[in-house]
Each structure stands twice: as C-alpha cells, then as structure tokens.
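Okay, structure first, notes after.
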Amino acid sequence: MSSNRLPLPVPVTFSGKWNQKQYTILKELGSGANGTVYFAVCNGRKVAVKIGTDPFDLLMEANMLKSVQAHRQERIGPELIDVDDLMYAGRSYSYYAMEYVKGERLDEYVERVGADWIPVLMVQVLNRLAVLHRQGWVFGDVKPDNILVWNKQVHLIDFGGVSQIGRAVRQFTEDYDRASWQAGDRRAERSYDLFAVAVMMICLFLGRQDWDRIRCQVRHLPTLCDIIRDNKGLSLYSEPIIKALYGKYVTAEEMKRELLETLRSRVQATPARKDGGTLDFWIGSLFVASLLLLASSLYYLWM
Amino acid sequence: MNKTATLRQILVVTDGCSNVGISPVAAAALAREQNITVNVIGVIDRDEMSEQGEREIREMAKAGGGLSDIVYPAQLSQTVQMLTRKAMTRTIQHVVHQELKEILGDSSVVDLPPEKRVQVAGMVDELGERSHLDVVMLIDTSSSMKSKLKAVQQAIHDFSISLRSRSGTSRMAVCSFPGKQKHLDVRIPWTEQVDKALQLGSNLTMSGVTPTGPAIVEAITLFEHVELPAHLADHYRSPVQRNQDDEGLLQDHVF
Ligand SMILES: Nc1ncnc2c1ncn2[C@@H]1O[C@H](COP(=O)(O)OP(=O)(O)OP(=O)(O)O)[C@@H](O)[C@H]1O
C-alpha cells in the first residue's frame, strides 16, 4: 500500500500476453494511485500505457474508460486501445493502452496565457461534463491535473474517478471535494462535479501560491466566498461560482449558460476605449469562445 | 448477480506499538476468523515511526486480511476512505474469485482474458457499492496520540459522510483504547450518521498503555451475532500467535 511504484524499471519493449501488441516505451509520464503512465509507441501510433500495481483498480479504470466510450458519436476521454498483461521479473502486471492526449496541464496553461482564458476554458470543461452527465456518469475527480489543453481545447484524462450517477464518488481530491468543504456529501451527482469546477476556477484565478496558502484555512464555504469577494477577477464571476458552490445548478448546461452570460455582460460593460485594446481583447475572446463552442460541437458530431 | 453481501471491518488508527495483552497480530487473525477484516492506519507526526511499530502495523493488517498505510495527520481522512474501499473490494473479489473458481474449475480468474477480467472488475465494483458495510473505528488515544486527535476527529466525520454517500447501507461505531474500565470505551455506538461534535480529546484516560490487541478482541464483540466459538474463546485467553490459514475464511460471507 505504501509503495505505488513498480519494483523494477519496465522493459523498453514488450508485447502483451494475450493480444500480442508490441509496445516501445519512450518515457514515463507520471504515476498516480493505481499505477504508472508511460508514453509509448504501438504499431507506429503514440499511446499512453498505464501499468498497474493493483490489477483490480487498473481494470476498473479500464472498465470506466470503456463504459464512457459506449457512445461513439459523443466520445469523452482518450480512446481505450488495448487491455492486456505484461510479464516481467517473473510477475504478471495488468496494463491498458489509450490514445495519447497531447497537451499542457490546465493550470500551467492558464499561467502562461493569462487569467482571461479561465472562463472560456471552464465553459469547455462544462461542455465535456455535460456530455458525460447525459450518459449517466459523473467525472468525480475534477482538478487541473486531470485536464489537458491542446489547440485551445480542453481534454479530460484520468477516468479513475468516474462514477455512475447516484453512486458514491469513486475517487476525489480533497481540495475540490465538496464534502471536505462541508458543502454536501460524496454522492455522484452532477452538482458534485459543478462544485469542483467552481473550486477549480477559484484556484486558477488565485494561482498556485495563493491557493496553497488558502489550503490551510478552515474548509467551509465562507472561506471561499471571502476569497471570491477579495479577488478582482473572481468577483466578476462571483454569481455563477457561488451558485455552483451552493449546489444551485442542476445541470452543467445551466452553469455554462450563466457563465457565458457573465462573460458577455462583462464585455459589454467594458468601456469602449479606456486603456486601449481591452475591448478588442474582450471581443476577441468572446469570438474565440463562440468559435470554440462551435468547434467543440462539431468535434463531437464528427468523432 | 443480484445479491448483497455484508462486510465487516475494524479500522485501527494508532501511532505506535501495543505494549500490553494479547498480540495485536493474533487479535487481528482472530477477527479475520470471524469474517471481520482488519485495516490499520499508522499516523505519524514529524518523527518517523519505529521500525517495530511499522512492522506491527503491517503484520496486523496482513493477519486481519486487510490493508495498512502509514500517513501524516493531514492525509488521514482520505486514507481512511481509500483503505476501506480497497479492502471492501478485495474481500468481494476473493468471494467472486472463489465462486468463479467453482465454475471455471482449475483455472483461476487470472487465466481469463483481460476483457473478461475487466467485466469481473465491474461486477465486483457493483457488489461493493451495494453491499452492507459495518465498520468499527478503533482509535488509539494513548498519550502520544494527543496531538493527532484533531485530525482523527476530522477523519471520523469525513468517513461518515463517505459512508452515507454509498448506495448500500452502512453503519459505523467509534471506540477508543485504552478505556476507563475495559480495554476500550465505546465513544459512538453503532450509527448511520456521526455528529461532528464528537470530542475525542475529552474524558480520556491518559496513560502509556496501548492495549491494541485486547481492544481488537473487544471490538469483535460489537458485531452482532458474533459469539466466540469455544476453540476461539480459548485462543483469546492464551495469547499465542497462530499461523492463520489463508483459505476458506471468506466462504461464509452472506451473499
Ligand atoms: N491519455 C493520456 N495521454 C497523455 N498523458 C496522460 C494520459 N493519461 C495520463 N497521462 C499523464 O500521466 C500522468 C499520470 O496520470 P495518472 O492518471 O496515472 O495519475 P494522476 O492523475 O497523477 O494520479 P491519480 O490517478 O492518483 O489521480 C499525468 O501527469 C497525466 O498527465
């Protein structure tokens, strides 16, 4: 339990015991609770391979990934490519291979491109969640670490927390977990994910350092409300964020709609020429937002 | 498979070695004999845990058919819920594997192609979510634990939220050891919801005594319908560590 690391370096090339697919490992991407993820090549295709320390949890994750892909037209998450066993050092390890998702972690991306992008990215996240919710699932472990941005599009990864609506949330991170903030239980409801999106927004606006400082304060909603009030960027979006924190949204679409409305009214409220370029930026970002929305609907239509 | 299982667990939260009474490893083996899984969490402050303490924690969980981990107070809440969940699915996995073994004959689940095993994992998860769960939290309140009690209280409250969020029914009870008269005091009797006002720190007997083993034995009696059969009652009286036999203990889970 204490060690989630694999005992030995994995062989650079290996083939699966059952399906015989051959993999060449290029580098380690990171390790989580259930195993280690490697960047690899299989049949000339770039893949991410997760090799498990606990075969059950790993297979469960593969099962989740498979379940959310049952709807081919509206696929959320990386495609599941292979599930197999790997023999090495006399032991058998289970692994699964999925589509390699290129991109930068959401928080790093925001740090680079600026806070103005946060609402736009959140709208995208809410769109992805809406699809998942419609299919009867809750993502569970919504956090910047599990969202990658590539080509100005967000992608969800790590489906270990995906839970059937009505069940208990399988995996969560305390920072974004509504029960830890004394704001409800851990039942997989759509509002559970929306709460996490709201906290994630706060965290992104504050930046890593300030967020780390807040983590030691009392975990309850008034703490978060104070932060929202005191932060210029956040206070503009206080309405949708606070509504999500208090579980007032039933669906991701609702939250998305109100977030977009706030974004729009903010653009309109910005004086046409104050410190030149602001309006241009806002019109620009609103335009980008609509384009992205269009793009993402097309994306799901054509997948 | 439209059945529900009843799962029983004892979760020990401690920061060091037991120093009185029956060996906690033997007590954990005894619990396992009663279809009660024992999970153990070691909590450490800045100081590391002694090697001996660490070993005891590992061996207790092993003998009790459960899992163990050693963490800082800040990680306690999450660890409690993760360990419980993992131990639950492990127990069910054993039972399902046994059943499948009967169907499959000699070959075991590991010999199934991965796609089939993915299905089995889904089934195990489903059973786990719907099963009935009884957990006794056994909290070491010997003097060295004093600084960690706030985190423990938080973890108890947090755990009760997690239990309430399950689809299956769950009950929990909270005990502290050493107790005033007995080896353990029941602080919260069986309940489906824990009030966060619980003050573990109040009303404690502060002593250097850590009767982990005896406390586990007493905790066993908190589970209904559990009467120690004669040979086990003897066992309890003679604190000899037994070689636990690994198989056959999970057969009588009520499915
Ligand atoms: N399909 C993928 N494509 C590209 N990178 C991936 C993919 N899946 C995971 N990763 C990367 O691999 C790393 C480890 O991922 P993993 O999901 O195992 O763990 P985690 O999210 O860090 O932890 P936990 O499972 O405990 O939440 C992460 O940094 C993630 O960015």
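Tally up the residues in region A:81-114 that are modelled with pLDDT under 95, closer than 18 Å to A:Asn34 by Cβ and small (Gly, Ala, Ser), please.
2
Just to be sure I understand the filter: pairs with C-beta atoms under 9 Å, separated by 6 or more residues or on different chains, first member in region A:29-49 and among the basic types (Lys, Arg), second member open to solvent by 10 Å² or more (accessible area, probe 1.4 Å) and within 8 Å of the ligand (Cβ to nearest atom). Which pairs pass?
Note: pairs meeting the criteria are A:Arg45/A:Glu99; A:Arg45/A:Tyr100; A:Lys46/A:Phe39; A:Lys46/A:Glu99; A:Lys46/A:Tyr100; A:Lys46/A:Lys102.
From the set of residues in region A:39-57 that are over 23 Å from A:Lys102 (Cβ atoms) and either modelled with pLDDT of 90 or more or not in a helix (DSSP H, G or I) (or both), which is nearest to the other protein chains (Cβ to nearest Cβ)? Don't jump to the end; show me each part of the working.
Applying the first criterion (over 23 Å from A:Lys102 (Cβ atoms)) to region A:39-57 yields A:52-57.
Applying the additional criterion that residues be either modelled with pLDDT of 90 or more or not in a helix (DSSP H, G or I) (or both) yields A:52-54.
Details: A:Gly52: 11, A:Thr53: 12, A:Asp54: 8 Å.
My answer is A:Asp54.
Filter region A:94-117 for residues that are more than 12 Å from the ligand (Cβ to nearest atom) and surrounded by 20 or more Cβ atoms within 10 Å (Cβ to Cβ) and give the result.
Correct list: A:Ser94, A:Tyr109, A:Val110.
Just a yes or no: is a residue in region B:130-137 farther than 25 Å from B:Ala26 by Cα, at pLDDT 90 or above and crowded, with 19+ Cβ neighbours inside 10 Å?
Within region B:130-137, one or more residues are farther than 25 Å from B:Ala26 by Cα, at pLDDT 90 or above and crowded, with 19+ Cβ neighbours inside 10 Å.
Being part of a loop (DSSP other than H, G, I, E, B) and within 18 Å of A:Tyr93 (Cβ to Cβ) is the filter; apply it to region B:83-129 and report the residue that is modelled with the highest pLDDT. Break it down into steps so the answer makes sense when it comes.
As a first pass, look at region B:83-129 and keep what is part of a loop (DSSP other than H, G, I, E, B): B:105-108, B:112-113.
Cutting the leftovers down to within 18 Å of A:Tyr93 (Cβ to Cβ) gives us B:108, B:112-113.
Numbers: B:Ser108: 71, B:Leu112: 86, B:Pro113: 89.
The qualifying residue modelled with the highest pLDDT is B:Pro113.
Scan (1) within 10 Å of chain A (Cβ to nearest Cβ); (2) touching a residue at least 60 places away in the same chain (Cβ under 8 Å); (3) surrounded by fewer than 16 Cβ atoms within 10 Å (Cβ to Cβ) for the single condition B:Asp45 breaks and write down its number.
For B:Asp45, the exception is condition (1).
Can you tell me which residues in region A:244-271 are open to solvent by 70 Å² or more (accessible area, probe 1.4 Å) and at pLDDT below 95?
A:Arg264, A:Gln268, A:Ala269
Among the residues of region A:134-148, write down those that are in contact with a strand residue (DSSP E or B) (Cβ under 7 Å, 6 or more places away or on another chain) and more than 15 Å from the ligand (Cβ to nearest atom).
First, the residues of region A:134-148 that are in contact with a strand residue (DSSP E or B) (Cβ under 7 Å, 6 or more places away or on another chain): A:136-140, A:144-148.
Those that are in contact with a strand residue (DSSP E or B) (Cβ under 7 Å, 6 or more places away or on another chain) and more than 15 Å from the ligand (Cβ to nearest atom): A:Gly136, A:Trp137, A:Val138.
Can you find a residue that is open to solvent by 10 Å² or more (accessible area, probe 1.4 Å) and touching a residue at least 60 places away in the same chain (Cβ under 8 Å) anywhere in region A:158-168?
Yes - at least one qualifying residue is present in region A:158-168.
For region A:149-185, name all the residues that are within 20 Å of B:Ser160 (Cα to Cα), within 16 Å of the ligand (Cβ to nearest atom) and not hydrophobic (A, V, I, L, M, F, W, C).
A:Gly161, A:Ser163, A:Arg170, A:Gln171, A:Thr173, A:Glu174, A:Asp175, A:Tyr176, A:Asp177, A:Ser180
Which condition does A:Leu245 not pass, out of (1) farther than 24 Å from B:Asp158 by Cβ; (2) in contact with a helix residue (DSSP H, G or I) (Cβ under 9 Å, 6 or more places away or on another chain), if it passes all the others?
The failed condition is (1).
Please work out which one of (1) touching a Gly at 6+ places or on another chain (Cβ under 9 Å); (2) open to solvent by 10 Å² or more (accessible area, probe 1.4 Å) is the condition A:Arg128 fails and give its number.
If we test A:Arg128 against (1) touching a Gly at 6+ places or on another chain (Cβ under 9 Å); (2) open to solvent by 10 Å² or more (accessible area, probe 1.4 Å), just (2) comes out false.
Tell me yes or no: at least one residue of region A:182-205 is within 11 Å of chain B (Cβ to nearest Cβ) and in contact with a His (Cβ under 6 Å, 6 or more places away or on another chain). Steps first, answer last, please.
Let us first name the residues in region A:182-205 that are within 11 Å of chain B (Cβ to nearest Cβ), namely A:182-189, A:192.
Next cut, in contact with a His (Cβ under 6 Å, 6 or more places away or on another chain) only: A:182.
Yes, because at least one residue in region A:182-205 is within 11 Å of chain B (Cβ to nearest Cβ) and in contact with a His (Cβ under 6 Å, 6 or more places away or on another chain).
Kindly indicate which of B:Thr37, B:Thr89, B:Thr84, B:Thr79 is closer than 21 Å to B:Glu126 by Cα and facing another protein chain (nearest Cβ under 10 Å). Steps first, please.
Numbers: B:Thr37 fails: facing another protein chain (nearest Cβ under 10 Å); B:Thr84 fails: facing another protein chain (nearest Cβ under 10 Å); B:Thr79 fails: closer than 21 Å to B:Glu126 by Cα.
The match here is B:Thr89.
Quick one: what pairs do we get from region B:112-137, first residue more than 9 Å from every other protein chain (Cβ to nearest Cβ), second among the aromatic types (Phe, Trp, Tyr) and surrounded by fewer than 19 Cβ atoms within 10 Å (Cβ to Cβ), C-beta under 7 Å, 6+ apart or different chains?
From region B:112-137, no pairs qualify.
Which is more than 17 Å from A:Asp193 (Cα to Cα) and assigned to a helix (DSSP H, G or I), of A:Ile241, A:Ile228? Before you say what the answer is, go through the steps one by one.
Numbers: A:Ile241 fails: more than 17 Å from A:Asp193 (Cα to Cα).
Result: A:Ile228 is the single residue among A:Ile241, A:Ile228 that is more than 17 Å from A:Asp193 (Cα to Cα) and assigned to a helix (DSSP H, G or I).
Determine if region A:57-65 includes at least one residue that is more than 13 Å from the ligand (Cβ to nearest atom) and buried (at least 22 other Cβ atoms within 10 Å of the Cβ).
Yes - at least one qualifying residue is present in region A:57-65.
The values are calculated or read from the model by the stated rules, or taken from the named source; none is laboratory data. Note that the structure is predicted; figures quoted are calculated from it, not measured. Every residue, glycine as well, gets a Cβ built from its backbone with ideal geometry; the counts of neighbours run over all protein chains shown. The accessibility values were calculated without ligands, DNA or RNA, using every heavy atom of the protein model including side chains. Shrake-Rupley method; radii C 1.70, N 1.55, O 1.52, S 1.80 Å.
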